[in-house]
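Data first, discussion second: the structure below is written as structure tokens.
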Amino acid sequence: MLFALLSMMPVVLAQRPVVRAIMGDDGRVWTEQVEGVQLPPASRDALEPMPGFPLSFASNTSFKPMRGVALADLDGDGSDEIILTHNEEINVIDGQGTLLWTRPLTGGVAQYPAAVGDLDGDGSPEIVALTSYSNARGGLNVFDKDGATLLAEQLTNNPLICAPVLFDLDGDGTLEILFSGRGKASAGISPGVHAWNLQGEEMPGFPFEMPSTPAFTPTVADLNGGVIFTATTSALYCISFEGQELYRVDGQDAYKYSYQSPLLVDFGENDWHLVGACHGDNPNHYVRDAFTGEYRSGWPQPVHAWSYSAPTAVKNGDDWALFMGVSGEGDVFYQYDIDGHVASGFPLQLSSGIEGFVSVADIDGDGENEVLTSFNLIDGGNGFIRAWEMDGTEITEGFPLRPMGLSYMNGANLGDIDGDGNMDLVTLTYVQNFAPDDPVYVTAYALHQPVEQVVFGTYKGSNDRCGWVREPEGVISCNPPSDLQGVGMGDTPAAFLLWNAPEEGSTGLLTGYRIQKDGEWIEELPAHQTQFLDEDVAFGETHDYVVAAVYDDGCEASSENLTLLVEYDAVGEALQQVGLYPNPAHGEVQVEGQAVQRVEVFDLTGQCLLSFSGEIKKMNVENLQNGFYFVRLHSVSGMKTLKLLIEN
């Protein structure tokens, strides 16, 4: 009976030493043994790693990676690659656990994840990684999707202890790279925020210099002309896209900024607020008005322990849910509403803290979101990824996951690494013995739910790391024109295009078409017109045509490319004066001229629809659908092809 009761307990007390992770002021992860702590419950039907995982990499002796990995489809095949930055290298891994490529990183040790985005606007993603510490003490690295180095700049004595942020600051359609540099007074390098383009040039107005050290991933949004939030330990700054200070909030009551990069969230109808945390001797969680820096009513909320927590903000039904954690033990994981009220079931009282980023997704297909967290303990060489219902109830079906190593300061990265359309979870963990053989582990788990159910699945919510969180928007989609066909032939040069209207299912209303010729847009047509005659051509020329459907919600969808050769139809002397009247035709068309012995009417696919023989003077075309056709006229001296528009 006693055994049965014990087996039903949701948690167990550890009877052997367990290791707890903590972060020092110098950025190093330290560990300490603890005894008699409550461990998470054992999972039922525990999830096993996907084939090919875990993978092990050599770690840096002192500085471990934090805030997870990046998951991004680099090659456009429909599956995400895993992008790991750690030690002094970057690794790209596919969904089968195959290492695709590895490159060294300039400037020291990578502690934060890479950012991924199309920097140059060519439709292909680039990868940006920052480094710090070691002898080089700071570097900016940019790679293309295949690992070619596009930029490798060493910023000596300017360590970059943050993730890069990708954002189009100047509106030119390309992304700039923003990052915080700690500087070094003895080397004459000021701390501040930098903004570089892909050519390695600092943007006008930058760097934005600050009087003390930032260790802070900037938060960036296109808000009132553009704002950037950054911080030192003693102050929070709001600056413009031109590098001008808009306002500053100084730290008070012995609390400090830095490390906990905030999110900029629209609570509804342009109600923008900054959501974040402070550490120091009086730590707190805060929500501030983004336009003024003033606290929102109900904030700040004091917490009992220092925190490196990265906040998460998600829409839960009609309301926002804000998640933040702390270190230590006791009340360590909070869910708030926007007015500072702690949600029912929270804070969670645990034996160790939650300070990695928090992921949110519907992981069980019940139509409700669940919450995924790291944990600061390691037991028997394995760490924890824990799962919770939104009411704070811990999920034990398949969870907690037990990857090898500490999950401290990391979390659950969500994407689709095998291309099956379902959600996969990737963990980044490590061993910290301050030994040269300390490993870093990457482990993947299949969650068997549609990847579209991911709500917040990476550090700062997206691979650009900008931290700009908005009300979920409806998906805009549109269908292209179908079956684009054409003919380029006749006794006068012309190219004729015909297509079918888009299939139903677009979110917007079709307003018209745009015609592209050889890469340039040449004509706009109304929605009812599905044909186009281009007479600006010459015999022997080849042209490429594309037709785009245009919708009232701003969506455009283009057809496949059509290549046409404009060919000449030889015309005998007896057919020089032959013509068709009227054109456009209404029911009947007259054949003008002499010596016509046979007439054929073709559609644009080349199918002959009508054929007449003998001395032809007129044709009945009332059974043909409206549109363009080609009429081929034959005589003993040759043939002539004319274009005919039917408007019955």
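The values are calculated or read from the model by the stated rules, or taken from the named source; none is laboratory data. Since the structure is predicted, the reported quantities are computational estimates derived from the model, not experimental observations. For neighbour counting, all protein chains shown are included, and Cβ atoms are generated from backbone atoms with ideal geometry for every residue, glycine included. These accessible areas exclude ligands, DNA and RNA; they are computed on the full protein's heavy atoms, side chains included. Shrake-Rupley method; radii C 1.70, N 1.55, O 1.52, S 1.80 Å.
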Area accessible to solvent at residue 30, 1.4 Å probe radius, in Å²: 110 Å²
With every protein chain kept in place and ligands, DNA and RNA left out, what is the accessible area per residue of the chain? Probe 1.4 Å, answer in Å². 41 Å²
Cα-based reach from residue 145 at 26 Å (exclusive), listing lysines while leaving out same-chain residues under 8 positions away: 64, 460
Between the alpha carbon centres of segment 490-557 and segment 81-134 the gap in Å comes to 41 Å
Say R0 is 35 Å: what FRET efficiency, to the nearest 0.05, do residue 609 and residue 553 get from their beta-carbon distance? 0.40
Here, the chain modelled as identical Cα point scatterers in vacuum has Debye log10 I(q)/I(0) at q = 0.09, 0.10 Å⁻¹ of -0.78, -0.89
Can you order the peptides 300-306, 376-382, 214-220 by their average number of other Cβ atoms within 10 Å per residue, highest first? 214-220, 376-382, 300-306
Residue 631 neighbourhood, Cβ < 10 Å, K/R = +1, D/E = -1, net charge +2
Charge dipole magnitude, Cβ of K and R +1, D and E -1 - the chain, Cα centre, debye nearest 20: 1860 debye
Cys in the chain lacking any partner Cβ under 4.7 Å -> 162, 238, 278, 466, 608
Peptide ranges 517-528, 257-268, 141-152 listed from the most packed, as the mean C-beta count within 10 angstrom indicates: 257-268, 141-152, 517-528
All lysines inside 18 Å of residue 640 as judged from Cα atoms, apart from same-chain residues fewer than 8 positions distant: 617, 618
Charged-residue dipole, Cβ positions (Lys, Arg, Asp, Glu), segment 42-191 about Cα centre, Debye nearest 20: 1160 debye
Taking all protein chains as present, what is the carbon and sulfur share of the accessible area of the chain, in % to the nearest whole number, probe 1.4 Å? 47 percent
Sum up the charges of everything whose Cβ sits under 11 Å from the Cβ of residue 498, counting Lys and Arg as +1 and Asp and Glu as -1, but leave residue 498 out. -2
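What ranking, highest mean first, results for peptides 239-246, 40-47 when packing means the other Cβ atoms within 10 Å averaged over each residue?
239-246, 40-47
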With unit charges on the beta carbons (Lys and Arg positive, Asp and Glu negative) and the dipole taken about the Cα centre of the chain, which residue among 501, 299, 436 sits farthest to the positive side? 436
Give, rounded to the nearest 20 debye, the magnitude of the charge dipole that segment 53-93 has about its Cα centre when Lys and Arg contribute +1 at Cβ and Asp and Glu contribute -1 at Cβ. 360 debye
